[in-house]
Amino acid sequence: MNKKTKKVIGIITVVCLLIIVFDVVFIFYKRGKIEEEGKYYDSINAFSPCDKGYIAVGSNNDNDKLYEKAKITKYNAALQKQWEKLYNRGYNSTFFNVVSVEDGYVAVGNFQQTKKERDENTKTALFVKYDKEGNEEFSKTMQILGNSTFKNVKVVEDGYIVVGQSIYENSTLGMSNEGGAIIIKYDKAGDIVWQDHYGGNKSGLYNDLLVDGENIYVVGKDYGRVGIISKYSLDGKRLQTETYQFTDTLGFTGITKVFDDLVVVGAKKISEDEYDHDIDGLVIKYNKDLQIIDTMIYQDTGLERFNTISTDSENNLIIVGHRAVLNKQESTKTKNVYHYYGLLAKYKANLKEVYVEQYGDGNNDYFTDVLPVKDRYLISGYSKYKNQGYFSKFMTYNYAGNMLEVK
């Protein structure tokens with residue numbers, strides 16, 4: 001190699017190193033600037049076990065325009081991040097849930113596909129199939145009445161069952177009876193096999209589902225803070241729907257099976273005000289004919305809500321949610337300001353309380369999902385820090401409800 005060639009290679013090497021250094025410095029500068037301005041946001045909304053680790057979904061706004069972008073992240077068993085991919089189409093987006101399948105992952109949520117949706121703050125429901133390395137294989141969208149989302153997804157033998165909502169946005173008047181709470185079956189190629197809807201065209205919402213034998217059980221809400229539980233056949237025929245009065249504006253948000261019964265969670269509305277200024281954690285046990293067997297209400301000094309439910313190896317009910325406490329110093333006559341704490345609750349199958357543990361120091365902490373793993377409970381969430389930014393995290397508890405680790 002002659003001297004001239006060596007010199008050229010040396011110059012190219014130096015330039016490449018300078019570019020790398022500049023990119024690294026810029027990334028840290030950008031992240032620091034976002035955090036300094038108190039606008040940084042990173043959340044985990046749900047996660048699922050997969051390949052000796054976990055697959056998680058949520059969103060962050062780690063970009064120059066601070067758009068919220070849906071993300072899918074692979075962690076190993078030690079909760080070390082292996083890779084992360086963002087859904088960069090459109091404007092704001094988020095994933096609410098994810099499942100692991102034989103050849104990859106399916107994530108569901110919503111995104112703002114057009115500038116019109118961004119300006120009106122409406123959304124299009126989103127279904128994305130990824131391979132094992134996080135590469136997108138295909139995506140499907142759903143839009144019926146103008147403002148749509150997918151909230152959850154489950155795997156069946158020949159495809160996927162997805163639930164969510166498609167409603168008119170607040171200022172739109174319409175007479176369509178095609179929207180409300182939505183349930184759709186996709187085949188493995190992402191084509192619609194069947195779909196159904198229930199409830200009002202400005203209010204109906206399905207949040208969670210359970211596939212059990214020959215039936216699908218779905219929970220959500222309808223008009224005026226009414227919780228709903230519906231029963232479907234595997235071919236999409238709605239067999240029964242029962243309502244519960246009154247919940248908060250989210251209705252029933254989680255469902256699981258314990259022995260041969262169904263257990264749903266949400267929040268019970270206590271006072272008759274226009275807003276949810278007085279709610280308590282709600283657990284209801286149903287039989288498979290959707291008749292209420294028992295009800296449990298968790299009450300503390302703040303606003304309590306149960307969001308997600310699972311069962312452990314001992315058939316205990318494991319629930320995560322939050323408690324909101326009024327901050328009198330920051331509140332005004334026209335606006336209430338709350339500090340949020342994460343809640344981990346454990347109940348026996350007969351709804352007898354084992355414990356309810358609170359997490360947080362008043363800086364706003366949210367628990368979003370829970371998974372029993374061997375003799376521990378793994379919880380996802382996100383917290384607000386002193387710089388006002390939000391950061392995602394995992395928390396591990398033992399069966400006795402003692403915090404073991406935060407990552």
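The values are calculated or read from the model by the stated rules, or taken from the named source; none is laboratory data. Because the structure is a prediction, the values reported are computed rather than measured. Heads up, the Cβs are rebuilt from the backbone with ideal geometry, glycines too, and the neighbour counts pull from every protein chain shown. Protein only, heavy atoms only, side chains kept; ligands, DNA and RNA dropped before computing areas. Shrake-Rupley method; radii C 1.70, N 1.55, O 1.52, S 1.80 Å.
Would it be correct to say that residue 72 is open to solvent by less than 10 Å² (accessible area, probe 1.4 Å), in contact with a Gly (Cβ under 7 Å, 6 or more places away or on another chain) and more than 13 Å from residue 151 (Cα to Cα)?
Working: open to solvent by less than 10 Å² (accessible area, probe 1.4 Å): yes; in contact with a Gly (Cβ under 7 Å, 6 or more places away or on another chain): yes; more than 13 Å from residue 151 (Cα to Cα): yes.
The answer is yes for residue 72.
Of the residues that sit in segment 191-227 and are among the hydroxyl-bearing types (Ser, Thr, Tyr) and outside any strand (DSSP E or B), which one is nearest to residue 179 (Cα to Cα)?
Looking at residues that are among the hydroxyl-bearing types (Ser, Thr, Tyr) and outside any strand (DSSP E or B), I get 203.
Quick one: in segment 266-281, which of the residues that are under 24 Å from residue 165 (Cα atoms) and in contact with an Asp or Glu (Cβ under 9 Å, 6 or more places away or on another chain) is surrounded by the fewest Cβ atoms within 10 Å (Cβ to Cβ)?
Filtering first and then ranking leaves 276.
Scan segment 316-349 for residues that are open to solvent by less than 10 Å² (accessible area, probe 1.4 Å) and over 12 Å from residue 360 (Cα atoms) and jot them down.
Residues satisfying the conditions are 316, 317, 318, 319, 320, 321, 345, 347.
Just the residues that are over 25 Å from residue 116 (Cβ atoms) and of a type in the set (Ser, Thr, Tyr), please, taken from segment 131-185. Break it down into steps so the answer makes sense when it comes.
The first filter runs over segment 131-185 and keeps only residues over 25 Å from residue 116 (Cβ atoms), leaving 131-135, 137, 152-161, 163, 183, 185.
Within segment 131-185, just 160 meets the criteria.
Can you list the strands (runs of 3 or more DSSP E) found entirely within segment 287-357 that contain at least 1 residues being modelled with pLDDT of 95 or more, in contact with a Gly (Cβ under 9 Å, 6 or more places away or on another chain) and of a type in the set (Val, Ile, Thr)?
292-298, 303-311, 317-326
Can you name the residue in segment 360-407 that is among the acidic types (Asp, Glu) and under 23 Å from residue 95 (Cα atoms) and, of all such residues, is farthest from the chain's Cα centre (by Cα)?
365
Results for (1) among the aromatic types (Phe, Trp, Tyr); (2) within 20 Å of the chain's Cα centre (by Cα); (3) at pLDDT 95 or above, shown as yes or no for each residue.
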{"site": "51", "(1), (2), (3)": "no, no, no"}
{"site": "58", "(1), (2), (3)": "no, yes, yes"}
{"site": "75", "(1), (2), (3)": "yes, yes, yes"}
{"site": "84", "(1), (2), (3)": "no, yes, yes"}
{"site": "138", "(1), (2), (3)": "yes, no, yes"}
{"site": "147", "(1), (2), (3)": "no, yes, yes"}
{"site": "151", "(1), (2), (3)": "no, yes, yes"}
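Give segment 161-178 a look and list any residue that's at pLDDT 95 or above and either acidic (Asp, Glu) or open to solvent by less than 10 Å² (accessible area, probe 1.4 Å) (or both), or say none.
Result: 161, 162, 163, 164, 166.
For the subset of segment 358-407 comprising residues that are of a type in the set (Ser, Thr, Tyr) and not in a strand (DSSP E or B), which member is nearest to residue 68 (Cα to Cα)?
Ranking the qualifying residues of segment 358-407, first place goes to 385.
Quick one: in segment 75-118, which of the residues that are of a type in the set (Asp, Glu) and closer than 27 Å to residue 206 by Cβ is least open to solvent (accessible area, probe 1.4 Å)?
Of all residues in segment 75-118, those of a type in the set (Asp, Glu) come to 84, 102-103, 117.
Now narrow it down to the ones that are closer than 27 Å to residue 206 by Cβ: 102-103, 117.
Working: 102: 175, 103: 84, 117: 21 Å².
Looking at residues that are of a type in the set (Asp, Glu) and closer than 27 Å to residue 206 by Cβ, I get 117.
Among residues belonging to segment 358-380 that are at positive phi and open to solvent by less than 20 Å² (accessible area, probe 1.4 Å), point out the one that is modelled with the lowest pLDDT.
Across segment 358-380, the extreme among qualifying residues is 362.
Does residue 230 count as surrounded by fewer than 23 Cβ atoms within 10 Å (Cβ to Cβ), assigned to a strand (DSSP E or B) and among the hydroxyl-bearing types (Ser, Thr, Tyr)? Talk me through it step by step, then tell me what you get.
Working: surrounded by fewer than 23 Cβ atoms within 10 Å (Cβ to Cβ): no; assigned to a strand (DSSP E or B): yes; among the hydroxyl-bearing types (Ser, Thr, Tyr): yes.
Taking the combined requirement at face value, the residue does not satisfy it.
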